[in-house]
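The values are calculated or read from the model by the stated rules, or taken from the named source; none is laboratory data. Computed from a predicted model, the values in this text were never measured in an experiment. Positions of Cβ are backbone-derived with ideal geometry, glycine not excepted, and every protein chain shown enters the neighbour counts.
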């Protein structure tokens, strides 16, 4: 039957029942039939119906009635013998049994009541029997020997048996069972309410309703079952609700505490509904079991299912199986939500029972709750959810709280929390829903496992702005460790400020958080008030001693957008956990908001943990260490103000950032940051990027910095193909103009980290920078570049304010670091520069470049400028050095410092169009310039620079006596040496031939060019004059091996030299051949003294 139709009919039936029960003329309708060998008898004494007779067979007593109803204030007394174990009662007429009075029996007998037409228990219905009570709308009872006791076919030979009942059989239209009542009156004890883990202690002030004696069974087994404010109670016993469909059959098994159902998988079931604060309770010294079977189970308006232990014995389990759905929603007038609970009460030693739910879909709406907790020495129970299609937890009612699913222990407990397992196709949390396993006491928290084959989605907050959350937690004051949290799914979506976390606020450690999503993980957005970012996190809360848990993410694609965060953070004494991400295809981080302001707050460490957004973070806001970040993926894309940060603001060490992206890392208006804040003691971590291509653009930043006592971290970039930094208009970072940059920095007395880049091609353009600087007393880091193909530094920012640069710098007293570049081709163009500068009293660094070619064009510069500190030096080793169009190589000192030194070792040095090489000084001695070259073109030594020439200088503004030295070593070759003066008269070709014999053939000997034959035919042949090929074969020179760091000197390829024939010889076979060596008999005749080229001594100026 349709659920809505069932609700309507149920309400109509209840209304009619109340009308009937309220009528003063109603009398008890207990009418025996005549279908038994010994028929039942009813005697009315005052308002008591005394039932005797019936047919006995062994320990079983059989009764049969045509009608069986009982008005309010009346009772039905089965006056059975004390040794009877089972009173088996049937109604053979066509009337529903309406019971609003007392049913009682003698001894410990179990009472079975079957009426296929239906049974309604009024609000005043009660039981006083010593055994179990089973009410059913089955048409017959089945016994172990195969006999049946039928209510629909009483003429069937009643082969009454001494065996116990083992089953119930239903017809095609089973009757309904309704229980009326005034609700459960359950509420929250305000003295034992712990909102941080949402534990609830239930005051047992509820009406008992239909109640059996302790350790017995209360069972309602029929068609559709409705509890409208009704209460069922079986202390330490068992409650069974089972709604059977058409022609169904259910088996009963004798068990401790009465009976239990044998659950036949695939049985046809009907619906069960608890409404208007209806309740089931097996609370007692040991706590009993609750078993529910049906097609749909609905709890609404504060209805409750409760199993709790008050003593030393463990509580019972709640086992629920439906073939369609389970739904909990709404609250009772005392604002207690519809719930399913197992508990261990304060003072008890027993553990709470487990909750086992199996269904197609489970929905907790408007604050619905399923949880297990312990307030005593025992453990909380496990909660196991298996929903083949859907688990949905959402919504808030007028009280404002979201739905809750979990297992937890409060501070007064010494027991452990239970484990929580959810297995489904889709898990949906919204509007402040909470799934948790936590400890608030001495025990450990339980583990939380979610397996959702298709989807896990969290979103939104409740009316009190608590966001939807999945968590394990060790809460404040606890000493136990929190449990681990594992999520396995196809797709994970966390949005609108929702949270998945494993944390500690106590002495125990946080649990590990592992998220595995086959297809993708998407974390996006902020809460509706803009204060909370959607997040995956592990955390150490303020005052906590325990360590944070590690966080591992495994997926195909990881996407963070619009503020989404993955973080491990510590605000307590415990270390933050590590963050590891494995994404086979892509990691994409995309931010939101004001990138510049937020970046300044991050770098300045003014951001609180709750304000973290737009990226990946491992941070320590205390004396603890930050965790490490490791990312393994094919492509990493970070843009629109997103960040990857590992940092510390206390005495702890910052974590390491390691990125392995075998295809590419692309950063666009985004940043990586490792560092520590002023006053911190620990050092910053290192940044390592291993990729195919690293691309940074539009104010992208990679920074490892220290502002405290600890050393700054190193940056290591290994890109198998290329590293490219593309600038944009700069922004102010802590007051300093900053553009697209990769840098290490110190703001304190601690040293900055080093930078090492290994790649094929390095490109820095449009105002981008790579730098290692010091803004304090600490030493700046070293910048080393190994580019097997090329390094290109070029251009300015679009607003033409800042130029592209590779540099190390000192802005205070700390010494600037060195730069070392090893490449095949270096190009510095369009006002770009490579520099090792000092702008204060710190020393400048050294600049060393080893390349096959060095080309500075259109204002390109190599610089080692210094103000008052020690000078910086420039060392260049390259076969070809070219400067054009106002380019320069300088080690100038602008204040009291000595000019730096310049060493150039090259084959060819070209300096054109006012391109200078200078080592000048203002208030001290000029530096030294030493050039070893085979040829210098366009530049020469001059005492002073000129804008019209390309100059080599080492002067001082103090005068010539303070000038430095310029040493130029070149081969001293005179072009006229060895030349023969040509005759001014035309040559008669006839004088070029000496006739030694009469011609006898038409032969020719033609020589073209200078080599081999003298101009005058009477001149001697030179013995060693040779012809050379002046083309340029490809050759290699010195460069740095990118893996070993060793210098290799590859000599130019050697080609055989062509020489003139200077002699003749005869081979053994009689052939005459020309030889390069003159024949012995005429060697002296043709010998000619050759001029020698002598290298002159070095010229010093």
**Asked** Can you find a residue in the range 250-263 that is at positive phi and surrounded by fewer than 23 Cβ atoms within 10 Å (Cβ to Cβ)?
**Response** yes
**Message:** Show me the strands (runs of 3 or more DSSP E) found entirely inside the range 152-234 where at least 2 residues are at pLDDT below 90.
**Reply:** 165-169
**Request:** Considering only the range 645-680, state which residues are at pLDDT 90 or above and assigned to a strand (DSSP E or B).
**Result:** 657, 658, 659, 660, 661, 662, 663, 664, 665, 666, 667, 668
**Prompt:** Which condition breaks for residue 829 when tested against (1) over 22 Å from residue 713 (Cα atoms); (2) at pLDDT 95 or above; (3) under 36 Å from the mean Cα position of the chain (by Cα)?
**Reply:** (3)
**Message:** Residues that are surrounded by 24 or more Cβ atoms within 10 Å (Cβ to Cβ) and free of Cβ contacts under 8 Å to residues at least 40 places away in the same chain: does the range 632-646 have at least one?
**Reply:** yes
**Request:** Counting only residues that are closer than 17 Å to residue 659 by Cα and modelled with pLDDT of 95 or more, give me the strands (runs of 3 or more DSSP E) lying completely in the range 681-782 with at least 2 of them.
**Result:** 687-697, 715-726, 755-765
**Message:** Any residue that is farther than 30 Å from residue 347 by Cβ, outside any strand (DSSP E or B) and without any contact (Cβ under 8 Å) to a residue 60 or more places away in the chain - is there at least one of those in the range 370-380?
**Reply:** no
**Message:** Of the residues 842, 753, only one is touching a strand residue (DSSP E or B) at 6+ places or on another chain (Cβ under 7 Å), in contact (Cβ under 8 Å) with a residue 24 or more places away in the chain, farther than 26 Å from residue 690 by Cβ and buried (at least 21 other Cβ atoms within 10 Å of the Cβ); which?
**Reply:** 842
**Message:** Quick check on this structure: which one of 432, 446 is on the phi > 0 side of the Ramachandran plot and assigned to a loop (DSSP other than H, G, I, E, B)?
**Reply:** 432
**Asked** Regarding residue 351, is this residue out of contact with any helix residue (DSSP H, G or I) (no Cβ under 9 Å at 6 or more places or on another chain), in a loop (DSSP other than H, G, I, E, B), touching a residue at least 60 places away in the same chain (Cβ under 8 Å) and at negative phi?
**Response** yes
**Prompt:** Which residues, taken from the range 342-371, are more than 33 Å from the chain's Cα centre (by Cα) and crowded, with 21+ Cβ neighbours inside 10 Å?
**Reply:** 342, 343, 344, 345, 348, 350, 351, 352, 353
**Request:** Kindly provide the set of residues from the range 581-608 that are closer than 19 Å to residue 673 by Cβ and either assigned to a strand (DSSP E or B) or modelled with pLDDT of 80 or more (or both), ordered by number.
**Result:** 581, 587, 588, 589, 590, 591
**Request:** From 300, 327, 285, grab the single residue that is at pLDDT below 90, surrounded by fewer than 24 Cβ atoms within 10 Å (Cβ to Cβ) and over 13 Å from residue 219 (Cβ atoms).
**Result:** 285
**Item:** Selection count where residues are at negative phi, at pLDDT 80 or above and surrounded by fewer than 19 Cβ atoms within 10 Å (Cβ to Cβ), scope the range 797-817
**Value:** 3
**Prompt:** For residue 564, all conditions in the list (1) surrounded by 20 or more Cβ atoms within 10 Å (Cβ to Cβ); (2) modelled with pLDDT under 80; (3) closer than 20 Å to residue 534 by Cβ; (4) out of contact with any helix residue (DSSP H, G or I) (no Cβ under 9 Å at 6 or more places or on another chain) hold save one; what is the number of the exception?
**Reply:** (2)
**Prompt:** Quick one: residue 940 ticks every box in (1) under 15 Å from residue 899 (Cα atoms); (2) touching a strand residue (DSSP E or B) at 6+ places or on another chain (Cβ under 8 Å) bar one, so which box is it?
**Reply:** (1)
**Request:** Could you tell me whether residue 424 is part of a strand (DSSP E or B) and either in contact (Cβ under 8 Å) with a residue 12 or more places away in the chain or within 22 Å of the chain's Cα centre (by Cα) (or both)?
**Result:** yes
**Request:** Please tell me if residue 428 is farther than 22 Å from residue 327 by Cβ, surrounded by fewer than 23 Cβ atoms within 10 Å (Cβ to Cβ) and in contact with a strand residue (DSSP E or B) (Cβ under 6 Å, 6 or more places away or on another chain).
**Result:** no
**Request:** Identify all residues within the range 877-886 that are in a loop (DSSP other than H, G, I, E, B) and surrounded by fewer than 23 Cβ atoms within 10 Å (Cβ to Cβ); write none if there are none.
**Result:** 879, 884, 885, 886
